[in-house]
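Data block below; observations after.
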Amino acid sequence: LDPILPARPGHGKEQILLLDDELSIANMSGKALERFGYKVNIQTDPVEALAHFKSKPDFFDLVISDMAMPNMTGTDFVRKIRDVRNDIPVIICTGHSPLIDETRAREMDIDLLLTKPVEKQVLADAVRQVLDIRSGKY
C-alpha cells in the first residue's frame, strides 16, 4: 500500500488474473497490460473467476480485482482465493467503496489499493511494483 514508485518500468511477462464485472473496463485494462508484456486472463464474473483460479492456482502471478461486483465483493473474492493460495499478490481497484480503505486493505494483506479510473501507465507501474516487492527485487 506504499505509493507507486516511478523508478521501475512497468513491463513484464507474468500471468495476471484480471477481474472486473464491467467488460469494457476489463478489456481496456487487459489490453493495456498486454501491451506492457503481461499475459492477462480477463474475467467478468467473480464466481467464474474463482473457479478458474481454483483450477490452476499456481498458474497466476498476480490477481487484480474490482471491489464492487454482483454476487461477490472484491474483498470476499480475495478471501476465497487466499484460502486456495495465501501468497498470491493482489491489487484491488475501486471507485469508492465503504467496504475498503487503506486500513482494511492492509489488514487483508492486499498489496495495493488503486482508485478508479486507473490510467494505463499507473496500472502497469503498480503491477510491476507489487510483483517486484513480492519477489524481493525492491
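Summary table below
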read-out: Helix-only CD estimate at 222 nm, as mean residue ellipticity for the chain, using -39500 (n - 2.57) per DSSP H run (n ≥ 4); value: -12500 deg cm²/dmol
read-out: Which of Phe77, Phe36, Phe59 is most accessible, then next, and so on - probe 1.4 Å; value: Phe59, Phe36, Phe77
read-out: Hydrodynamic radius by Kirkwood, which averages 1/r over all alpha carbon pairs of the range 64-138, in angstrom; value: 12.7 Å
read-out: About the Cα centre, charge dipole magnitude for the chain (Lys/Arg +1, Asp/Glu -1 at Cβ), debye; value: 400 debye
read-out: The chain: translational diffusion in µm²/s, Stokes-Einstein, Kirkwood Rh over Cα pairs, 25 °C, 0.890 mPa s; value: 167 µm²/s
read-out: Contour excess over end-to-end distance, with Cα ends at Lys80 and Asp45 and 0.36 nm allotted per residue; value: 11.2 nm
read-out: Full-extension gain in nm, Asp87 to Arg106, via 0.36 nm per residue minus C-alpha separation; value: 5.4 nm
read-out: Positive-pole candidate from Val127, Leu114, Ala51, dipole of the chain, charges at beta carbon; value: Val127
read-out: Two-site label geometry, Glu119 and Met28: point separation in nm, points 7 Å out along Cα→Cβ; value: 1.4 nm
read-out: Straight-distance crosslink candidates among lysines, where the alpha carbon sits under 17 Å from Lys39 and sequence neighbours closer than 8 are dropped; value: Lys13, Lys31, Lys56, Lys120
read-out: GluC sites (Glu not before Pro) within the range 49-138, DSSP loop, no more than 16 other Cβ atoms inside 10 Å; value: Glu119
read-out: Relative packing of 86-94, 24-32, which averages over residues the other C-beta atoms within 10 Å, highest first; value: 86-94, 24-32
read-out: Asp109, Asp61, reordered so the largest accessible area comes first (probe 1.4 Å); value: Asp109, Asp61
read-out: Accessible area per residue, Å², the chain with all protein chains present, probe 1.4 Å; value: 51 Å²
read-out: Loop-located trypsin sites (Lys or Arg not before Pro) in the range 45-138, at most 14 other Cβ atoms within 10 Å (DSSP); value: Arg85, Lys137
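The values are calculated or read from the model by the stated rules, or taken from the named source; none is laboratory data. Note that the coordinates shown come from a computational prediction; the quantities given were computed from them, not determined experimentally. Note: ideal-geometry Cβ built from the backbone for every residue, glycine included; neighbour counts use all protein chains shown. Heads up: the accessible areas ignore ligands, DNA and RNA and are worked out on the full protein's heavy atoms, side chains in. Shrake-Rupley method; radii C 1.70, N 1.55, O 1.52, S 1.80 Å.
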